[in-house]
Amino acid sequence: MSELLSPARDTVAGILARGQRQGVFHTSVPPGPLSRALEAHLLALLDSVNFGTWADDGTGAATAALIVAGVGQDDAASTAQRLHGAGHSHPSEGVSCASPGTDMRTTSRTRHSSHPRRPAGPDGRSSSASSWSR
């Protein structure tokens with residue numbers, strides 16, 4: 001399994017390293033471990049969707065991943081909503097930040113700061129089912 005996931009893990013670690021150098025993502029955790037932590041976080045969210053304890057169309061999970069990496073809450077939410085609104089059916093579709101020369105600061109207006117997290121609603125659920133979990 002590790003061999004199968006290695007290319008994706010390397011890509012994510014590279015994106016995180018670039019974002020850390022540019023001041024978009026926090027630097028308290030190195031890119032490799034942060035990548036693995038994000039992977040575990042997203043799998044746990046997907047598991048919650050699959051068990052019916054949380055509903056998400058992918059924007060909540062994407063927002064959470066960006067916040068964990070150090071993007072401010074408002075910028076993370078607006079980025080996820082913008083990509084979702086553009087009709088991207090896969091989280092990496094249409095995202096150009098994977099190229100080595102990309103300045104990631106253009107995808108986020110603020111540098112890392114602490115932002116309290118807000119629940120999606122009174123019950124912690126969003127209104128639509130996840131299309132990524134199917």
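The values are calculated or read from the model by the stated rules, or taken from the named source; none is laboratory data. From a predicted model like this one, the values you see are computed outputs, not experimental measurements. Neighbour counts are summed over all protein chains in view; Cβ atoms, including those assigned to glycine, are modelled from backbone coordinates with ideal geometry. The accessibility values were calculated without ligands, DNA or RNA, using every heavy atom of the protein model including side chains. Shrake-Rupley method; radii C 1.70, N 1.55, O 1.52, S 1.80 Å.
The residue that is farthest from the chain's Cα centre (by Cα), among those in segment 7-35 that are open to solvent by less than 30 Å² (accessible area, probe 1.4 Å) and aliphatic (A, V, I, L, M), is A17. For the residues L45, L4, L38, the requirement of being assigned to a helix (DSSP H, G or I) and open to solvent by 60 Å² or more (accessible area, probe 1.4 Å) singles out L4.
Restricting to segment 69-90, name every residue that is touching a helix residue (DSSP H, G or I) at 6+ places or on another chain (Cβ under 6 Å) and either open to solvent by less than 20 Å² (accessible area, probe 1.4 Å) or of a type in the set (V, I, T) (or both). Residues satisfying the conditions are A76, A80.
Residues of segment 7-35 that are assigned to a helix (DSSP H, G or I), among the aliphatic types (A, V, I, L, M) and either touching a residue at least 60 places away in the same chain (Cβ under 8 Å) or more than 19 Å from A62 (Cβ to Cβ) (or both): I15, A17. Within the set T53, T59, the sole residue that is over 10 Å from the mean Cα position of the chain (by Cα) and of a type in the set (V, I, T) turns out to be T53.
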